[in-house]
Amino acid sequence: MNYFNEHTVIFKDGDFVSAKDATTDLYSQTLHYGNGVFEGIRAYDTSDGTRIFKAKDHYDRLHYSARMMHIELPYSSEELEAITYELLHKNNLKDAYIRPLVYLGSNMSLTPTNEVHVVIMAWTWDKYLGDQRLRVTLSPYQRPNPKACHVEAKVVGHYTNSILATTEAKQRGFDEALLTDQNGYVAEGPGANFFYEKDGVLYTSPLGNILSGITRATVFELAKELEIRVEERHFTPEEIKTADAAFFCGTAAEVAGLEAFDDYVFPLAWEESVSDLIQRRYKLRVSVNEYQSLHI
Ligand code: PMP
């Protein structure tokens with residue numbers, strides 16, 4: 001995958017610069033120890049022009065993540081949103097994935113770093129997990145212990161856990177992994193939150209051991225509009241094997257339906273599930289700017 005070409009412009013520390021000429025510091029604390037924070041955002045080509053979906057929520061979460069890691073972010077959420085629109089315009093991008101990254105200057109000690117860099121990059125990216133129903137497996141890896149790090153912060157180093165889980169799942173022939181928390185309850189995917197459906201009700205893990213997904217919050221909103229009940233509760237991997245349907249959700253993955261969890265094939269036809277209603281409503285929600293409570 002080429003993330004940029006010779007014409008691509010990125011935002012870097014106050015300037016728009018050519019991606020191919022941008023450089024970084026090999027002594028960066030982010031590179032050595034994973035201390036940096038980032039976001040994953042999408043812009044959609046809506047009926048009313050290019051719109052960044054829930055930009056403020058994403059940039060507020062970037063601020064939260066930075067704060068948790070003792071990083072001082074030199075831009076407000078509003079400024080970052082305005083910069084991102086300019087970046088999309090400069091790159092002539094309409095439907096795009098946007099990656100803001102806050103990384104640090106040189107510091108080989110385990111102390112906060114004063115030198116803070118902000119880059120924002122954007123590229124065209126299809127649904128991260130594709131459009132096919134996914135075959136998912138229970139990961140032998142657990143999500144990071146919330147007493148070991150701030151799990152609700154989107155920290156660069158946390159993603160080594162995600163890479164291990166996805167790699168291990170793919171090595172066993174699955175599309176994606178599902179991870180438990182430190183108590184053995186289901187937590188989330190390596191880069192997406194998880195819901196399952198049973199008798200028309202959606203179940204998802206409560207906050208505490210998972211990233212507080214902005215797509216997850218959107219699913220709550222859509223379920224309310226569609227009068228679908230959602231329950232946040234702890235559940236075991238075994239309980240998923242009684243579900244009718246299930247999906248992952250995240251900015252990059254959007255709403256991605258599951259075909260099977262290990263040897264258990266979800267029995268309900270996707271088109272008959274409330275999960276499908278959520279998936280279709282999500283598409284509408286992100287792509288119609290003046291979205292109201294439309295009923296499909
Ligand atoms: N969990 C993890 C571990 C993630 O990386 C992501 C993607 N940011 C999500 C959940 C979904 O979050 P969001 O809906 O805000 O993209």
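Read-outs throughout are calculated quantities, based only on the coordinates presented, and are distinct from any laboratory measurement. Because the structure is a prediction, the values reported are computed rather than measured. Backbone-built Cβ (ideal geometry, glycine too); neighbour counts: all protein chains shown.
Observations on the structure shown:
- Loop-located chymotrypsin sites (Phe, Trp or Tyr not before Pro) in region 1-90 whose Cβ has at most 16 other Cβ within 10 Å (DSSP): Tyr3, Phe4, Tyr27
- Most mobile of Ala43, Ala246, Ala148 in a GNM of the chain (Cα contacts under 10 Å): Ala148
- Counting only residues at least eight positions apart within a chain, or on another chain, the lysines with an alpha carbon under 21 Å from that of Lys283 are Lys54, Lys56, Lys94, Lys127, Lys224.
- Backbone N atoms of region 95-110 closer than 20 Å to the 7 Å Cα→Cβ label point of Asp45 belong to residues 95-99.
- Within region 195-258, the GluC sites (Glu not before Pro) that combine a DSSP coil assignment with at most 15 other C-beta atoms in a 10 angstrom radius are Glu227.
- Only Lys, Arg (+1) and Asp, Glu (-1) charged, at Cβ; the chain dipole about Cα centre in debye: 260 debye
- Result for the chain in a Gaussian network model with C-alpha springs under 10 Å: among Thr23, Thr113, Thr215, the largest mean-square fluctuation is at Thr23.
- Low-density loop cleavage sites - trypsin sites (Lys or Arg not before Pro) in region 56-141, where at most 16 other Cβ are within 10 Å (DSSP): Lys94, Lys127
- Local charge for Arg172 was computed over the other residues whose Cβ lies under 13 Å away, with Lys and Arg +1 and Asp and Glu -1, and equals -3.
- Proximal charge balance of Glu78 [Cβ under 12 Å; K/R count +1, D/E count -1]: -2
- Principal-axis analysis of the Cα atoms of the chain puts helix 214-225 at an angle of about 40° to the longest axis.
- Computed over the chain: relative contact order in percent, which uses C-alpha pairs under 8 Å that are six or more apart: 18 percent
- Cβ-defined net charge surrounding Phe4, 13 Å radius [Lys, Arg +1; Asp, Glu -1]: +2
- Within the same chain, lysines fewer than 8 places from Lys241 are excluded, and of the rest, those with a Cα less than 21 Å from its Cα are Lys170, Lys198.
- Estimated FRET transfer efficiency (Asp21, Leu277; beta-carbon r; R0 41 Å; 0.05): 0.30
- Region 155-296, relative contact order [Cα under 8 Å, separation at least 6], %: 20 percent
- 0 to 90° range, to nearest 10: angle between helix 77-90 axis and the chain longest Cα axis: 80 degrees
- Listed residues Ala153, Ala22, Ala55, most fluctuating in the chain (Gaussian network, C-alpha, under 10 Å): Ala22
- Degrees, to the nearest 10: 274-287 long Cα axis against longest axis of the chain: 30 degrees
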